[in-house]
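Since the structure comes first, as structure tokens, the remarks are kept for the end.
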Amino acid sequence: MAKPSFRTHHGMHDILPDESPKWLALETIVRETAKRFHFHEIRTPIMEDTALIARGVGELTDIVSKEMFAFNRGEDKYVLRPEGTASVSRAYIQHNLAQLGGVQRLFYIGPMFRAERPQKGRQRQFHQFGVEVLGSAEAVADTETIAFMIAVIQKIGITRYTLKLNSVGDIESRTAYKEALVNYFSPLKSKLSEISQQRLEQNPMRILDSKDEGDKVLVVNAPKILDYLNEDCTAHFEAVKTQLTQLGIDFEINPLLVRGLDYYSKTAFEISSPDLGAQDALGGGGRYDLLVEELGGKKTPAVGFACGIERLLIASEALGLNLVKDHRPDVIMISLGDEAQLWSLKAAQELRAIGLNVTMHYSVGSMKAQMKNANRENAKYCIIVGDNELAAKEFVLRDMDKSVEQKHNWSQILAQLSPLAKSL
Ligand code: HAM
């Protein structure tokens, strides 16, 4: 076959018809979980003002400094959103969602864009589902947010995962901690990687996240954030741990977990899977009590997370899970002749109206070709109609699994098939 002239960009993928049922199944799990927790959907544009993302996610993060798909059009600066938290916070401020009263419990599903180097589980266009809870400073909001994430993962059937938990403190705790880090790393500066040497000046906590093997050795003995939390942050962290334990949610404390976005305060968490390879995070999140104010809104404590849908699918496939329950058509109509096809067209509509999933062969081909198609479509039944059947008003109903067929009149067929009916 000739090489196609046009292909998707590197790191961007089509989701083809044989894959989309599992996407739909996963999205349905997210929506049903949202219903259980009484969270509401928010849909924001996939393009935002570049300044929003720079301010929200942080100028010094990899996402903003290296990975944005950004362009200008006239006076306006656009960026394809790399994540959802800044957008949801912007929408919260722009539409004054606080005026609705109470806590806003929101979720979203959609594409995100980061110009990263593609590899397994890392694309340039990827998809997240995420949750943002705005307007509560309480630890229970953190715990419920984590419980939502675990509920989705368990409902998918993913059994191999680790929840890592940390607190990155508030500004006061972090100021003390950063000073301790600078004191620790400064005498070791020449041994740090080039990027970590820069981080030492700009954002020393990022060194903890370094992928450089040499840095990792030095990080082992670095001071730990949990020793620098003030009373408020400690009490909050203890409350989250107690509540997670009460819910039977296992976690591992990881004081090196700093996350790749700048807006976090207090709780930070990540869920990883051994089935993902180098990019092992299924999802992550945390509290971001300062972001809404940073973006020009009123002080609004908030917490949330996002999971990568591609990564959830990789993890579920590694476990051999089949998310797609039933994607077979109930019936395929097989028509031999033009008049029969017109009859089939109407009969298919009647069957759909009572709740069956029905497809039909569009060209009036040979019986053999149509049966081959019925097998490919994996239909449960086929209804075969030709001139004789039309004249006799008796049609062939073939059970494809049992390979048996019988002639019936239309009301008998309806009676036999109606138990397959389901609501949409
Ligand atoms: P994040 O850790 O940057 O957090 O992304 C969340 C998840 O998205 C990751 O754990 C991963 O599963 C998936 N992901 C990220 N980048 C890629 C990629 N290039 N390819 C495939 N999957 C990817 C956030 O985005 C925060 N907004 C989460 C949050 C919400 N925090 C508070 N609220």
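The magnitude of the dipole of the chain, with charges of +1 and -1 set on the Cβ of Lys/Arg and Asp/Glu and taken from the Cα centre, is near 740 debye. A Förster radius of 22 Å, combined with the Cβ-Cβ distance separating Ala278 from Ser20, puts the computed FRET efficiency at roughly 0.25. With 29 Å as the limit, the listed pairs Lys178/Lys298; Lys66/Lys241; Lys35/Lys66; Lys372/Lys407; Lys120/Lys155 have Lys66/Lys241; Lys35/Lys66 beyond it between alpha carbons.
Distance between the pseudo-spin-label points of Asn378 and Ala318 (7 Å out from Cα toward the beta carbon): 2.5 nm.
Using r as the Cβ-Cβ distance of Lys35 and Arg7, and R0 as 30 Å, what FRET efficiency do you calculate, to the nearest 0.05? About 0.15, to the nearest 0.05.
Comparing Leu261, Leu247, Leu295 in a Gaussian network model of the chain, where Cα atoms under 10 Å apart are tied by springs, the biggest mean-square fluctuation is seen for Leu247.
Grab the Cα-Cα distance for Ala180 and Asp49, subtract it from 0.36 nm times how many residues apart they are, and report the gain in nm with one decimal.
On the way: separation 131, 0.36 × 131 = 47.16 nm, distance 3.61 nm.
The span from Ala180 to Asp49 would gain 43.5 nm if fully extended.
Neighbours of Gln123, meaning other residues whose beta-carbon lies under 13 angstrom from its beta-carbon, give a summed charge of +2 when Lys and Arg score +1 and Asp and Glu score -1. In this label model, Lys402 and Val217 are separated by 7.2 nm, measuring between points 7 Å along each Cα→Cβ vector. Of the accessible area of the chain, computed with a 1.4 Å probe over protein heavy atoms only, carbon and sulfur atoms account for 51 percent. Along region 42-48 the Karplus relation, 6.51 cos²θ - 1.76 cosθ + 1.60 evaluated at θ = phi - 60°, assigns HN-Hα couplings of 10, 10, 10, x, 7, 10, 10 Hz to successive residues, with x for each Gly and Pro. Solvent exposure of His327, expressed as accessible area, is near 130 Å², computed with a probe of 1.4 Å over the protein chains only. The angle separating the long axis of helix 367-377 from the principal Cα axis of greatest extent in the chain is about 20 degrees. Couplings 3J(HN,Hα) of region 238-243, computed from phi: 4, 5, 4, 4, 4, 5 Hz, in residue order, whole Hz [Karplus 6.51 cos²θ - 1.76 cosθ + 1.60, θ = phi - 60°; x for Gly and Pro]. Classification of the chain by its C-alpha gyration tensor yields a prolate form. The axis ratio a/c (a ≥ b ≥ c) is 1.5 or more, and a/b outweighs b/c. Remark: C-alpha extents of region 331-420 on the principal axes read 30, 29, 23 Å, sorted largest to smallest. Projected label points at Gln412 and Gln197, each 7 Å from Cα along the beta carbon direction, are separated by 8.8 nanometres. Quick one: grab the alpha carbon gyration tensor of region 275-335, order the square roots of its eigenvalues as a ≥ b ≥ c, and give me rounded if a/c is under 1.5, else prolate or oblate depending on whether a/b is larger than b/c. Because a/c hits 1.5 or more and a/b fails to exceed b/c, region 275-335 counts as oblate.
Taking amide H as placed 1.01 Å from N in the peptide plane, Thr267 has its amide H under 5 Å from the amide H of Val168, Arg287, each at least 5 places away in sequence or on another chain.
Quick one: helix 139-156 against the long Cα principal axis of the chain, what's the angle to the nearest 10°, folded into 0 to 90? That works out to roughly 40 degrees. Computed from phi, the 3J(HN,Hα) profile of region 211-227 under the Karplus parametrisation 6.51, -1.76, 1.60 (θ = phi - 60°) reads 8, 6, 4, x, 4, 4, 4, 6, 5, 3, 9, 5, x, 9, 3, 5, 7 Hz, with x in place of Gly and Pro. The chymotrypsin sites (Phe, Trp or Tyr not before Pro) of region 348-424 that DSSP puts in a loop, and whose beta carbon has at most 11 other beta carbons within 10 Å, are Tyr362. Based on C-alpha pairs under 8 angstrom that are at least 6 apart in sequence, the chain has a relative contact order of 15 percent.
Let me make sure I get this right: for region 112-249, a, b and c are the square roots of the gyration tensor eigenvalues over alpha carbons, sorted descending. Under 1.5 in a/c it's rounded, otherwise prolate if a/b > b/c, else oblate. Which is it?
Working: a/c = 2.14, a/b = 1.27, b/c = 1.68.
Verdict is oblate for region 112-249.
The values are calculated or read from the model by the stated rules, or taken from the named source; none is laboratory data. Remember, predicted model here, so these are calculated numbers, not experimental data. Ideal geometry is used to build each Cβ from the backbone, glycine not excepted, and the neighbour counts take in all protein chains shown. When the accessible area is computed, the model is the full protein with side chains, heavy atoms only, and any ligands, DNA or RNA have been set aside. Shrake-Rupley method; radii C 1.70, N 1.55, O 1.52, S 1.80 Å.
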